[in-house]
1. Working only with C-alpha atoms, what are the Rg and Dmax values of region A:50-121, expressed in angstrom?
2. Of the candidates A:Thr49, A:Thr29, A:Thr14, which one comes out as most mobile in a Gaussian network treatment of chain A with C-alpha springs shorter than 10 Å?
3. Test of the criteria: in region B:56-142, which trypsin sites (Lys or Arg not before Pro) are in a DSSP loop and have at most 13 other Cβ atoms within 10 angstrom of their Cβ?
4. Given H placed on each backbone N at 1.01 Å, which residues far from B:Thr121 in sequence or on other chains put an amide H within less than 5 Å of it?
5. At R0 = 45 Å, how high is the FRET efficiency between B:Arg140 and B:Asp59 if r is their beta carbon distance? Nearest 0.05 is fine.
6. Over all directions, average the projected area of the Cα convex hull of region B:1-121 and note it in nm².
7. I need the phi-derived Karplus couplings for region B:45-55: 6.51 cos²θ - 1.76 cosθ + 1.60, θ = phi - 60°, integer Hz, Gly and Pro marked x.
8. In debye to the nearest 20, how big a dipole does chain A give about its Cα centre with +1 on each Lys and Arg Cβ and -1 on each Asp and Glu Cβ?
Amino acid sequence: MTADTSEITIEHRTEEGFAVVSPAGKLDTLSARTFEAYLKSLVEQKSGTLLIDMEKVDYVTSFGLRSLLIIAKLLAPSGDKLVLFQVNPSVYEVLKISGFLKILKVADTLAEAGEMAGRTG
Amino acid sequence: MAADVETVIVRNDIAELPAVYAALEAFAGTVGLTDAVRRTLLLVVEELFSNTVSYGYPDGGKDEIEVSAALGPDHVELTLADRALPFDSSAPPAGPAEVDDLDAMGIGGLGLFLVHQFADTVVTERTGGVNRTRVLLPTRPD
């Protein structure tokens, strides 16, 4: 499955036993709904915990944060998680300022993200 | 110094955001902004532009929004001018609640909060029916 708008392209694969989603572009008011719909589709397919490779995400605005929050809330009842990894310093700063580091898991690498996803709590 | 200023005039339509981005990306390249400052500039313009377009025209009126960026000695000055409903972006909103629980997390007002966190100055003036919001973004390292 892939999604493509002028602002973002998204694809996913299965790795380390997890669905690994790779968005590329900006996560903003124009692209957030596409991103959110893509992830919702994976949630509906019972893909379990989602690892989001943020390496190619240039920046995330409040609309993007909103989408991340919605998906994390959708995953929570089943005990699944949303784990971001390879986040650039600008995106990390936005997550920190907005308080999202307290509610989302952020890893440096895919391997670390997989470890975090495997932990309870 | 003309090369250190970029101005674009677009319709009050969120579909115009890519044109705003393109102008500011060109500005960032011309003046040599770091990636961090370029990203902050684009984030801030997105938050302000989308706020204006989403809430500033409840009757669906047509308008043109002027967006300009200029390089100063230690900052980028971003200005948005529109004829939307009066809105004062200079009032810093409350930050996100200190929560560590997904269910308690909300994001109302987060966009303008982010703008204030990244900017040294956010000033809105309304003159002759025109809202002019001026934002100073630091270019120096913290």
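All of the numbers you see were taken from the coordinates with simple rules; none came from a lab. Computed from a prediction, not measured in an experiment: that's the story for all the values here. No Cβ is skipped: glycine too gets one built from the backbone with ideal geometry, and neighbour counts run over all protein chains shown.
1. 11.4, 31
2. A:Thr14
3. B:Lys62
4. Those lying under 5 Å, H to H, from B:Thr121 are B:Leu136.
5. In this case the efficiency is close to 0.60.
6. Averaged projected area of region B:1-121's Cα convex hull equals 8.8 nm².
7. 5, 4, 4, 5, 5, 5, 4, 4, 5, 6, 10
8. For chain A, the charge dipole is close to 500 debye.
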